[in-house]
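The values are calculated or read from the model by the stated rules, or taken from the named source; none is laboratory data. Since the model is a prediction, treat every value here as computed from it, not as a measurement. Note that we place each Cβ from the backbone using ideal geometry, even for glycine, and neighbour counts take in every protein chain shown.
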Amino acid sequence: MKIVRSFKKHKAIAHLIGAAIIACFSFVYADEDQGTRNIVPPVAKVVSKIDTIHDDILVDNYFWLRQRNEPEVLEYLKAENTYTTAKMKHTEDFQQKLYEEMLSRIKETDLSVPDKVDDYYYYRRTEQGKQYPIYCRKKGSLDAKEEILLDQNVLAKQYAYFEIGALEISPDHRLLAYSIDTLGSERFALFIKDLETNRLYSEQISNIGYSVAWADNNTIFYTIVDHAKRPYMLYRHTLNSDPANDVLIYHEPDDLFWLDVSRSKSGKYLFMDIGSHTTTEVYYLNTSTPEDSFSLFYPRKQDIEYYVKHHEENFLILTNEKAKNFKLIKVPETATAKSNSIEIIPHRASVKIEGFDVFKDFIVLSERKNGLEQISIINVTDNISHYVNFPEPTYTFWFGKNKDYASELLRFTYMSLVTPKSVFDYNMLTRERDLKKQYEVLGGYDPDTYESQRIFALAPDSTWIPISLVYKKGIVMDNRNALFLTGYGAYGGSFDPYFSSNRLSLLNRGFIYAIAHIRGGGEMGKYWHEQGKMLDKINTFTDFIACSEHLIEQGYTSKEKLVISGGSAGGLLIGAVANMKPDLFKIIVADVPFVDLINTMFDPSLPLTVLEYEEWGNPKNEEYYRYMRLYSPYDNVTAQNYPHILITAGLNDTRVMYWEAAKWTAKLRALKTDENLLLLKTNMGTGHLGASGRYDYLKDIAFEYVFILDVIGLKD
């Protein structure tokens, strides 16, 4: 489980010197007849507006906004929200219309495709008017009586925010372990429910991460998080015992590494995975003897990653040791030394193995070639392999739970920029696929009226950067189209083309939607990531600029119609290019943006900071500090014109602290020389992932879309 600043940070380098800091807040003057007639933006005043004292010391005039418990800080955030509401008041009817438009495309009462596990069918369903899913199962057949495991709507009734983390059924299917977060802080409380009596066990375990695994029907393992929200300890709990007596199994002292625990598909082993962004280590334990100690697979070695699954009498290992794009090997479970390994899939420079799954008679690989995902299937009985064919030029897929080890069916979900979410069962023996469900888009959606394509832009160093696009057929590329361009470019994560019925509200109004598959991500393999991290990070930003300029040069859009958006680490991207090329864009939308790079990376007490030294570098090293100084969005705000900007934040965010958005906004207000809109919207009750309820989430999307449409000049 990689923990990243994703959307699916922080002691400052800054030195406050001298004078006191005064916060001044927004005022809205109104009268009964005219309504709002003068709106003044909130201002965070400082005596000094000097950004640099000399070459290697920064002054952070807005450091005080980190003091969350100070009344002045909360008042400032509320003032920004008041200002944002006032500036957007004239769009409220449009927001409601867009919300209803997006809602009308969703089948509110719906059912997921059931997953068969032993003699049970597990699924979740939604009901019209209810924010959250209901988790259910049936025993024996789909015609059997429904059993409700958890109704998240009931659990969430008294909370403004409610998220379920772990949801794990015991091997005998009698017990359910589930965890909840009611703040958006991603710090969970674990409960255990007896599904036969419908009662909770008395024990409750707090401060856990996402990771929970049953060993047997009486023993459960879980990770807890430290002050920086890093899963760093693994505990064993026995049912009907006091959690205070739980046994500490492992403590990871190195702040670079986090823990994860999982159960093998065969059910024979538990795996404890320990990982940083570049290095992993795996331990294993036979589930029949949960009180034994975990055994180490291979000791960690810097920059070597390996991932283990159990298959028959062997362990399969995906590793990048002497194989940058990974290779697959196997070792006997009774003789795991590397000297006993047999290579199954060799390293290939043009193909990256991103993951794999195991069945009794099959091994399934998730690969990536030329930026496109592909599924490779190996029949272990005859060693014949084949690929699953996909029909579109740009698409994405992901594997289902596939918990039936003996099955010949591989479940995966497929979608593209024009094809809605589609769940398939693929027969790995006959090579036939069965569409189990394509999620409906209500209102007469016709995919044939839209077109997707994949083009390439040339970066300054002559690297070709893929761009995925979708638009309504018939659009003329004459530079008059509005275009929404997004990207991410971090952690080696790939921003794959996905379907969104909400996006139709832009496409149907003439927008083109585009994804820039920039370096720093993993779209073109491990090399792609390495060329956009650490001391090569600026490639990420110049790639995005090159994509923007190419789209303009080819007539897709113009500077006056180009909207860019990014979230979390994608906000670092958006903030950097806004400083570098502000005249290239009309509008910027930055969701929970990671923009205060240097201050955050100087503070090891903050969540994710130490973990991410391997992504951005450690600014305590002068070489990395000076490189970060070249692009850190907050530190490079300057007196120049900027596009229209909407920034969002969550007060309870533990991945990107709310103050990054608040400080960035304050500095932009102080220095920017234009009259363009600058709005900050802070959700005072959520975290990094935004609203937890599906209706509240839609309202947030409608707000952002209306901001864009209003500035572009599309009023309906």
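Taken over region 48-64, the residue count meeting the criterion of being in contact with a strand residue (DSSP E or B) (Cβ under 7 Å, 6 or more places away or on another chain), modelled with pLDDT of 50 or more and either outside the structural domain of residue 665 (by TED's automatic domain parsing) or not in a loop (DSSP other than H, G, I, E, B) (or both) is 1. Among the residues that make up region 357-371, is at least one of them in contact with a helix residue (DSSP H, G or I) (Cβ under 7 Å, 6 or more places away or on another chain) and either hydrophobic (A, V, I, L, M, F, W, C) or modelled with pLDDT of 95 or more (or both)? Checked region 357-371: no residue is in contact with a helix residue (DSSP H, G or I) (Cβ under 7 Å, 6 or more places away or on another chain) and either hydrophobic (A, V, I, L, M, F, W, C) or modelled with pLDDT of 95 or more (or both).
If you go through region 291-343 and keep only what is within 30 Å of the chain's Cα centre (by Cα), surrounded by fewer than 13 Cβ atoms within 10 Å (Cβ to Cβ) and among the polar types (S, T, N, Q), you end up with just 302. Considering region 223-269, the residues that are farther than 22 Å from residue 204 by Cβ and among the hydroxyl-bearing types (Ser, Thr, Tyr) include one that is surrounded by the fewest Cβ atoms within 10 Å (Cβ to Cβ), namely 266. Filtering region 329-359 to residues that are closer than 20 Å to residue 523 by Cα, in contact with an Asp or Glu (Cβ under 8 Å, 6 or more places away or on another chain) and not charged (D, E, K, R) leaves 351, 353. Screening region 271-290 for residues that are within 24 Å of the chain's Cα centre (by Cα) and in a loop (DSSP other than H, G, I, E, B) and picking the one that is surrounded by the fewest Cβ atoms within 10 Å (Cβ to Cβ) gives 278. Against the condition under 28 Å from residue 713 (Cβ atoms) and part of a loop (DSSP other than H, G, I, E, B), how does residue 475 come out, does it pass? Yes, satisfied. With the structure loaded, tell me whether residue 678 is farther than 13 Å from residue 591 by Cβ and in contact with a Ser or Thr (Cβ under 7 Å, 6 or more places away or on another chain) or whether it fails that test. Considered against the rule, which asks whether it is farther than 13 Å from residue 591 by Cβ and in contact with a Ser or Thr (Cβ under 7 Å, 6 or more places away or on another chain), residue 678 comes out as yes.
The residues on offer are 192, 148, 164, and the sole one that is more than 28 Å from the chain's Cα centre (by Cα), modelled with pLDDT of 95 or more and in a strand (DSSP E or B) is 148.
Is it true that residue 392 is under 27 Å from residue 498 (Cβ atoms) and over 26 Å from the mean Cα position of the chain (by Cα)? Answer is no for this residue.
Sort out which residues of region 410-454 are within 25 Å of the chain's Cα centre (by Cα), farther than 29 Å from residue 377 by Cα and either outside any loop (DSSP other than H, G, I, E, B) or of a type in the set (S, T, N, Q) (or both), and write them in order of number. 441, the sole residue that qualifies.
Yes/no matrix, rows are residues, columns are (1) in contact with an Asp or Glu (Cβ under 7 Å, 6 or more places away or on another chain); (2) assigned by TED's automatic domain parsing to the domain that holds residue 99; (3) of a type in the set (Asp, Glu):
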| residue | (1), (2), (3) |
| --- | --- |
| 459 | yes, yes, no |
| 464 | no, yes, no |
| 469 | no, yes, no |
| 478 | no, yes, yes |
| 483 | no, yes, no |
| 487 | no, yes, no |
| 500 | no, yes, no |
